[in-house]
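Worksheet: one structure, shown below.
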Amino acid sequence: MSETAAAPPPGRSIGHRLIAAFAAILLLLVGLAGFAMYQVNAINARLSVVNDVNSVKQRYAINFRGSVHDRAISLRDVVLFEDAPRRAEAVAEINQLAAFYADSARRLDASIAADPRASAEEARILQSIRETESRSLPVIEAVLAARAAGDSARAYGLLMEQARPLFIEWLARINQFIDYQEAKNRLIGDEARALAAGFQTLMLVLLVLALGMGIGAAWWALRAMAPLRALAGTMRLMAGGEAVAEIPGHGRSDEVGGMAAAVAVFRDQAAETQRLRVQQEEDRAAAHQAQVTALRAMADRVENETLQAMRRIAAEAQRVAREAAQMAEAARGVDRNAGAAGEAARESLAMGETVAAAAEQLSAAIRGITQEVREAAQVSRQTAHDSTETENAIVSLSAAVGQIGDVTRLISEIAGKTNLLALNATIEAARAGEAGKGFAVVAGEVKELAAQTARATQDISQHIEAVSQRTGVAVETVRRIAQSVTRLDELAASLAEAVGQQDAATREIARAIAEATQANRSATERIGEASEGAQRNGALALDAQRDTEALASDTEALTREVIAILRNSVPEVDRRDAAREPASGGAVLEMEGQPRQQVRLADRAAGGVGVLGAPGLSVGQRGVLRMAEGVTRPVRVLRVEGDRAGLAFLDVAGPGRAA
């Protein structure tokens, strides 16, 4: 409820009191300034007379004295010098001094004529100087004329008897004028000092009076301001949030009463503002809690769906790795079988060559040939059997490669679904408005990681295609080996049947043995090619196994990164158990397979620490961190950003979180 005070009547307000007090002080200051100006002008007028009039006259008189003194010396030099040039210089100096004296005389006469305060005594002394000058100038001319005529004695007599007394009198008259001006200056100086002393005394009196009036006005004003101090105390209490029931000065008829009425209005408005502020804080807290609940629900949903998708990708990658390992083992078996077949073919070739060499002695060695043919047939049958097994193993390898292609396509489908999930997260972030900006960034990161997974899957598909091509070549090669071995077996059978008719068919047997030898040589070459193809297939299978293992590791790292981004994007969804605190100092980081590094601590939490200056780290590496206080902790790299790395303590229960 507001309170209104009546307007203060004239003569009772604080403003009128202050105006009256300051008006009295201003009038005193104006009077003091006017009197000071009068006194200063009087002192200035006297000093002007001293400096601009009397001192000027005195300076001209001093010029007179210098001119007369120097002319007396020069006139003496004219009389005493025997050298004509030096006498001429002295005469010229006398003329120059006379001109200087005349110029000063003109200026002095003008100054006296312009001075209304020139005295009769001053005029009398100046007239006596002129009279002495008029008597001295003829004597000087007479001395110069006598010396010019060569009459040194007469010139000397005039100088000593007439000129010397006149110069003394002339200088005395000039000194009298100078002393007179000096006396006038002393008199004016005494008057100025007397004015200054009286002015100083008056100023002290007026200063005491002004101080008394100022103190009285201040006391009067302070007495009028006392209610304002009480009102100010009340306003400070109100500013501190305290409730005030009574307003000091309420009901007065001056400015204090008006201010008290205004403060009462402020009091009522402050109470209403406090009520609205409390209600606004309650509404803001409720809205914030609802926002936090929505954001956490969204984060939980994105996290769960991401974890499920990443687990499926990791499981498929592990299955692909196992099948790739089986394919590599099968390729190694093919390589071993091909080696055995090659060895058997080489033995058969050696035997065939032996039979060809002994064909000429066939009649004498029929029993030995028969035995060797039987052995050759046995080796051929064994070679055919091994070739069949090799073909079956490579066909199985081709089927395994096809299954890997199916797994790769499944990974591509999962990456597409992850990309779709990132798009859904982007849409949800757009619906959340300002609070969902962090989830928009998270969705972008998930989309980028899905694209990386698709590219890795494409690389695996290319490797699988290469393995499939190599496997097809190996199958074709093994088939040719099987055909050659079958042919060799047929030839060996024919040779066994023809043993009984060897006498009639010796040449035919030799030709057949030569063909068998050539077939064995071709079979040996084909078996070597099959062995090389099996080795290449094994290498490709190992590459596929390593790629799938890397994919599984990247998927695990992607899962941790997505969860970290989700939980650190906005404070409302952060589940960090302990707050991150700034840290400083150095430490030594020793990671597996790397030399020790000196790092700097950036921040620290209960589950991990952030370090700077550790290039070359990768997610998932393990090692130990030796800190300055002598503590050694096992750590694992969770996050790498340039030269900054987030390390999780492995000796902390739970998954931990890097600082």
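The values are calculated or read from the model by the stated rules, or taken from the named source; none is laboratory data. This is a predicted model, so every value here is computed, not measured. Using ideal geometry, Cβ is built from the backbone for each residue, glycine included, and neighbour counts are taken over all protein chains shown. These accessible areas exclude ligands, DNA and RNA; they are computed on the full protein's heavy atoms, side chains included. Shrake-Rupley method; radii C 1.70, N 1.55, O 1.52, S 1.80 Å.
Couple of notes before you dig in:
- So ARG86, is it open to solvent by 50 Å² or more (accessible area, probe 1.4 Å), modelled with pLDDT of 90 or more and assigned to a helix (DSSP H, G or I): yes
- Leading residue by the ranking (surrounded by the fewest Cβ atoms within 10 Å (Cβ to Cβ)) among those in region 632-650 that are part of a strand (DSSP E or B) and of a type in the set (D, E, K, R): GLU641
- On the stretch given as region 161-213, residues that are under 30 Å from ALA24 (Cα atoms) and touching a Leu at 6+ places or on another chain (Cβ under 8 Å) total 5.
Listed here are the residues, each with its yes/no results for (1) over 38 Å from the mean Cα position of the chain (by Cα); (2) modelled with pLDDT of 70 or more.
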site: ALA359; (1), (2): yes, no
site: THR370; (1), (2): yes, no
site: SER380; (1), (2): yes, no
site: ILE411; (1), (2): yes, yes
site: ILE414; (1), (2): yes, yes
site: ASN419; (1), (2): no, yes
site: ILE427; (1), (2): no, yes
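- For region 145-161, residues that are part of a loop (DSSP other than H, G, I, E, B) and in contact (Cβ under 8 Å) with a residue 24 or more places away in the chain total 0.
- Just one of (1) buried (at least 17 other Cβ atoms within 10 Å of the Cβ); (2) at pLDDT 85 or above fails for VAL624. It is (1).
- Subset of region 583-609 [closer than 17 Å to VAL652 by Cα and basic (Lys, Arg)]: ARG604
- If you filter region 600-621 down to residues that are open to solvent by 70 Å² or more (accessible area, probe 1.4 Å) and in a strand (DSSP E or B), you find that the one that is nearest to GLY642 (Cα to Cα) is ARG600.
- If the condition is being at pLDDT below 90 and charged (D, E, K, R), then region 55-83 contributes LYS57, GLU82, ASP83.
- Any hit, region 512-524, residues being modelled with pLDDT of 70 or more, of a type in the set (D, E, K, R) and open to solvent by 90 Å² or more (accessible area, probe 1.4 Å): no
- Taking the listed residues ALA245, ALA217, ALA226, the one that is of a type in the set (A, V, I, L, M, F, W, C), modelled with pLDDT of 70 or more and open to solvent by less than 90 Å² (accessible area, probe 1.4 Å) is ALA217, with no other qualifying.
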